[in-house]
Structures are given as structure tokens and as C-alpha cells.
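Notes to accompany the following structure.
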Amino acid sequence: MEGERQTLLEVNQRHARLVALMFGSIKKEPKVNIGDKVPKEKKKAERISGTLTERYPNLEVETTVMPLDANLSCPCCKGKMHATGMTERSEILRVKPKVYYIEIILREKLACNKCYSSIVTAPLPPKIIPGSIYGNDVLIDLAVSKFYELIPIGRLARISKMAGFSFPANSMIECTHFLASFLEIIYDMCREEILREKDLRADESPHKMLEGDEKMRWYLWLFMSKETAYYEAHSTRSGDVCSKLLIESQCETLMSDVFSGYAKSVKAINKVRVESGRPLLENPNCNSHSQRKFKACKANFAEEHEFYCGQYKEIFILENQARKEVGGKEILKIRSQMYPYFEAIKEKCNTNKDSCSTKSDLGIAVNYFLNNYEAFTLFLTNPNIDIDNNAAERGFKSPAIGRKTWYGTHSIRGALTTVIMYTLFESCKLNGTNPRDYMQSIVDSLLKYKGKDWRKEKDFDPKDPSKEWREAYEARKKFAFTPKTYKEMMVSKAPPHPQLENCSSSTG
């Protein structure tokens with residue numbers, strides 16, 4: 001009888017719980033294993049109140065009046081109706097497709113009434129390509145469309161045809177080359193900003209050189225600070241690329257993945273710094289890479305996967321809390337709570353190291369962590385170092401999409417155009433700057449330079465101070481500003497250079 005009562009009680013409890021679940025009085029908690037991704041709570045979309053003009057004050061507004069028939073009769077008494085002067089206001093969001101148009105410029109001519117021998121004609125507005133039929137805004141639009149919005153040139157050519165203008169793809173490519181050459185001085189200035197930074201991130205990604213060089217497999221290199229991204233294209237993945245750039249830099253920490261090229265570069269740089277008495281360069285490594293290797297063990301080593309990923313989960317939870325802090329002491333105080341988790345991972349790795357094959361997923365992850373333990377934990381003692389290198393990896397999102405849509409570049413000149421454009425646009429992203437606004441401002445400013453025509457000198461090298469054209473380069477540099485400087489200008493509402501005070505916003 002006692003057993004029957006117990007069974008009946010359990011049935012009643014299960015029935016009551018089922019009823020409660022059906023009617024919502026008890027929320028069923030999903031089972032979550034350690035190491036699994038915890039589903040984030042969906043945030044309710046914040047509905048912006050107000051009219052369209054209140055919500056989007058920067059949009060252009062056009063007003064259309066909808067008239068009524070003057071002979072309209074009253075629907076009640078059939079009498080004649082008269083105008084009240086009142087209107088009912090409605091707002092609709094509209095869009096204008098890309099429109100190409102022809103600007104006719106009539107330049108005034110003046111003649112001398114005294115000698116009748118001279119006629120003076122008003123000059124043309126300054127253009128990036130003198131004598132070209134393409135306006136500056138066309139070049140800017142092409143560059144933004146391809147390298148920021150990632151639309152292939154072939155598709156842009158088809159779009160132009162739909163708009164009533166057949167814009168040849170080859171001409172589009174040439175336009176981007178001219179614009180990149182015009183803005184190369186900004187690319188050099190971004191490089192100078194990188195060399196002045198103390199904390200940098202670095203990464204590299206394959207880049208196809210379809211023709212124009214013996215090697216087809218090239219690499220894009222990225223060096224990034226919090227406000228500047230700088231790309232280079234090389235036919236090698238050797239650490240010499242990194243050494244050549246950073247040998248004279250002020251960089252003190254270089255965040256990267258565990259790639260031997262960076263270790264070789266840091267070693268070569270520190271050898272020079274020891275001789276000159278400068279601070280040594282440290283090379284922290286990305287913890288996300290280590291975490292991914294432990295995640296790869298799930299299929300064959302479920303128990304170990306659960307432990308390692310669980311420890312890393314707690315570490316990243318603490319890091320998310322630390323990122324909300326402003327002061328360095330507060331960040332290090334939160335990060336100090338991560339030491340037990342790293343020590344637990346290290347102890348477990350030493351235990352698993354001798355019990356698994358070095359070629360297994362677990363063996364690879366364990367040795368990867370132990371061999372680079374100091375580099376993985378270096379961020380615990382420096383608040384300026386990130387826990388991972390995800391920011392630099394995100395910097396290759398646009399090149400990766402571009403690689404899938406237009407496959408690569410067809411010349412070394414094309415590779416240079418690519419790195420210049422990615423440098424400018426990714427720097428705009430880091431600074432939260434509208435790339436079209438920045439490009440218009442910088443083009444307008446550079447066109448104010450009236451000095452020596454630097455473009456006609458084929459052997460001009462801006463990095464060689466012995467050249468006579470260095471003076472022209474430095475004079476033109478006074479009209480240039482990087483996305484970082486442009487952001488500071490917008491925040492302070494003041495131009496970064498005196499020459500920009502009368503800078504117009506058009507780039508016709």
C-alpha cells in the first residue's frame with residue numbers, strides 16, 4: 001500500500017507540473033551544458049517615436065501639394081466648396097535611385113577694351129583627373145561602392161547602364177586607381193600614426209594576384225590601433241614584413257595569433273632595441289584561438305571539452321565586465337579574478353598532455369595552450385592589452401568578402417589601390433565616420449593645394465628626404481588629414497588645418 005501511495009503521489013506531482021507548464025505558471029529552463037553557447041535574451045526593439053522629419057532630421061525633405069478639384073460639391077448639401085487654407089500633413093519615406101547627370105559649365109570670358117589683345121577665361125573647377133570627363137563625385141562614389149559597400153565593378157557597370165549611362169568597367173577601375181594615387185599621402189599619414197602607437201594588433205590574410213606578378217599567392221597585412229587601420233600587400237608571409245614596418249616604431253605590445261613570423265619579427269626588433277636601450281616589444285597572443293582549439297575537441301573528448309570551454313566561458317564573462325570599466329586599476333582588479341581559471345586550465349593540460357596523442361584534437365589544443373601560456377596571460381598585467389585579436393580579424397571581413405566577389409587584383413597597382421582604400425575605409429569604421437563625408441572633405445581639402453604638380457614627377461619618393469620634391473610633398477601634406485584627425489575635427493567643430501576653414505562640401 002505504501003508503494004502504491006508513493007507512485008500515486010509521483011503521478012499527481014508530474015500532472016501538476018505539466019498543468020503548470022501548460023498554463024505558464026512555471027517556466028521551463030533549457031538545459032545548458034558547460035561550454036555551450038548561452039542563448040542571449042532578445043531585446044525588444046526600441047521604437048522611435050515622432051514623425052519622419054523628427055526621427056531623421058538629416059534627410060532631404062521635399063513637399064508635394066495634393067490639390068482638389070475647384071468645382072467639388074459638398075457631399076452633404078451639394079453646395080459649392082471653398083478653400084480653407086488648411087492642409088492635412090502626411091509623411092512618406094521615399095528613395096531616389098542612383099542618377100548620373102551631365103553638368104554643363106559655362107566659363108565666362110573677359111576681353112580688354114583698351115588693347116583688344118587679351119581674353120581671359122574663367123578656370124575649370126579643380127579635379128582629381130585634370131581634363132577627364134569624370135567628376136570628383138563619380139570617383140568617390142566608385143571607391144565607396146566597391147571597397148566599402150563591396151559591390152563588384154562588373155555589377156556597378158550594369159547599374160550604370162540601368163541608369164541610362166554605359167560606364168565601362170575598365171574606366172571604373174582606372175578611376176579608382178587615380179583616386180588612390182591622389183589619396184596616397186593619407187595612406188602614408190596613417191602609417192605614421194601606426195608607428196606612433198604603443199599598442200597594436202596585427203594579422204594577415206591571403207590575397208590573390210591574378211596577373212602582373214610571378215607569385216599568385218599574395219598576402220594582405222593589417223596593423224591596427226584603436227583608431228587607425230593600416231594595410232600592406234606583399235608576396236610573402238615572412239615576418240620580415242612586420243620587422244621592416246615596426247623596427248623604428250614606438251610600439252610596446254603587438255597582439256597577434258601564434259604565428260612564427262611574428263615571433264621572429266619581435267625577436268629581431270628586440271635585438272635592435274636592446275642595443276639602443278629602448279623598451280622591449282611584447283607579443284601577447286589571442287585567447288580566442290586557444291578557445292577555438294578546445295572547442296574542436298567536443299566530438300572525441302566531450303568531458304575535457306566541457307571543462308576547458310567552461311573555464312574560458314568564465315574568463316570571457318569577467319572580461320566583458322572589465323571592458324565596461326574606464327580606469328586601468330579597475331580593469332586589472334577584475335582581471336585578477338581570472339588567474340584561478342587559467343591555472344586550472346594549465347593544471348588540467350599538464351594532466352592530459354601525457355595521456356593523449358599529440359596529433360589528436362585534444363593534444364593539439366593542450367600543447368598550443370601550454371607552449372604559449374605566458375603570451376595568453378600577458379593581458380592580465382596590462383589594461384591596454386586585449387584578451388583576443390578579434391578586432392584585427394574583423395578588419396579582414398571586407399577583404400574576405402571582396403576576395404569572394406572579385407577574386408583578387410590584376411596588377412601590383414591594383415594591390416596598392418586596394419590597401420589604400422581599405423586603410424581609409426576601415427579607419428573610418430574605427431572612428432565611426434561616414435566614409436562619403438570623409439572622402440568629400442579630404443578631396444576638397446587636397447584640391448586646395450596649388451603648389452608644384454607632384455603627379456608629373458615619376459621618380460618622386462615621399463619617403464626619401466633627399467629629393468627636391470620632398471618640399472612639395474610636405475606642402476601638400478598641410479592640406480591632408482586622416483580619419484582619426486577628421487573625427488577630432490568633427491568633435492571639436494573646428495577644421496584640423498587653417499586651409500580647411502573655407503573648404504566647400506561639394507566635389508563636382
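Would you check if there is a residue in the stretch 206-215 being closer than 18 Å to residue 281 by Cβ and either over 19 Å from the mean Cα position of the chain (by Cα) or assigned to a strand (DSSP E or B) (or both)?
Step one: list which residues in the stretch 206-215 are closer than 18 Å to residue 281 by Cβ, which gives none.
No, because not a single residue in the stretch 206-215 is closer than 18 Å to residue 281 by Cβ and either over 19 Å from the mean Cα position of the chain (by Cα) or assigned to a strand (DSSP E or B) (or both).
Pick out the one residue from 172, 189 that is closer than 26 Å to residue 136 by Cα, part of a helix (DSSP H, G or I) and under 21 Å from the mean Cα position of the chain (by Cα).
Every option except 189 fails the conditions.
Could you list all residues from the stretch 95-106 that are without any contact (Cβ under 8 Å) to a residue 24 or more places away in the chain and either of a type outside the set (D, E, K, R) or surrounded by 10 or more Cβ atoms within 10 Å (Cβ to Cβ) (or both)?
Once the filter is applied, which keeps residues that are without any contact (Cβ under 8 Å) to a residue 24 or more places away in the chain and either of a type outside the set (D, E, K, R) or surrounded by 10 or more Cβ atoms within 10 Å (Cβ to Cβ) (or both), the stretch 95-106 yields 95, 101, 102, 104, 105, 106.
Which of the helices (runs of 4 or more DSSP H) contained wholly in the stretch 397-447 include at least 3 residues that are within 18 Å of the chain's Cα centre (by Cα) and among the polar types (S, T, N, Q)? Steps first, answer last, please.
Numbers: elements: 397-406, 412-430, 435-446.
Correct list: 412-430.
Considering (1) outside the structural domain of residue 234 (by TED's automatic domain parsing); (2) surrounded by 20 or more Cβ atoms within 10 Å (Cβ to Cβ), say which one residue 121 fails and leave the rest.
If we test residue 121 against (1) outside the structural domain of residue 234 (by TED's automatic domain parsing); (2) surrounded by 20 or more Cβ atoms within 10 Å (Cβ to Cβ), just (2) comes out false.
Would you check which residues across the stretch 224-245 are crowded, with 18+ Cβ neighbours inside 10 Å, farther than 18 Å from residue 147 by Cβ and in contact with a strand residue (DSSP E or B) (Cβ under 9 Å, 6 or more places away or on another chain) and list them?
If the condition is that a residue be crowded, with 18+ Cβ neighbours inside 10 Å, farther than 18 Å from residue 147 by Cβ and in contact with a strand residue (DSSP E or B) (Cβ under 9 Å, 6 or more places away or on another chain), then 225, 234, 241, 242, 245 are the ones that fit.
It is to be established whether one or more residues within the stretch 326-334 are in contact with a Gly (Cβ under 6 Å, 6 or more places away or on another chain) and over 16 Å from residue 379 (Cβ atoms). Show your work before the answer.
Taking the stretch 326-334 as the starting set, the residues that turn out to be in contact with a Gly (Cβ under 6 Å, 6 or more places away or on another chain) are none.
No; the residues of the stretch 326-334 include none that is in contact with a Gly (Cβ under 6 Å, 6 or more places away or on another chain) and over 16 Å from residue 379 (Cβ atoms).
With the checklist (1) out of contact with any strand residue (DSSP E or B) (no Cβ under 8 Å at 6 or more places or on another chain); (2) outside any helix (DSSP H, G or I) in hand, flag the one item residue 366 doesn't pass.
The number of the failed condition is (2).
Please pick out the residue among 110, 8 that is farther than 30 Å from residue 142 by Cα, modelled with pLDDT of 85 or more and not in a loop (DSSP other than H, G, I, E, B).
110
Go through the stretch 187-217 and give me each residue that's surrounded by 16 or more Cβ atoms within 10 Å (Cβ to Cβ), aliphatic (A, V, I, L, M) and within 20 Å of residue 396 (Cα to Cα).
194, 200, 202, 209
The values are calculated or read from the model by the stated rules, or taken from the named source; none is laboratory data. Just so it is clear, the model here is predicted, and its values are computed rather than measured. Cβ coordinates were reconstructed from backbone atoms using ideal geometry, including for glycine residues, and neighbour counts include every protein chain displayed.
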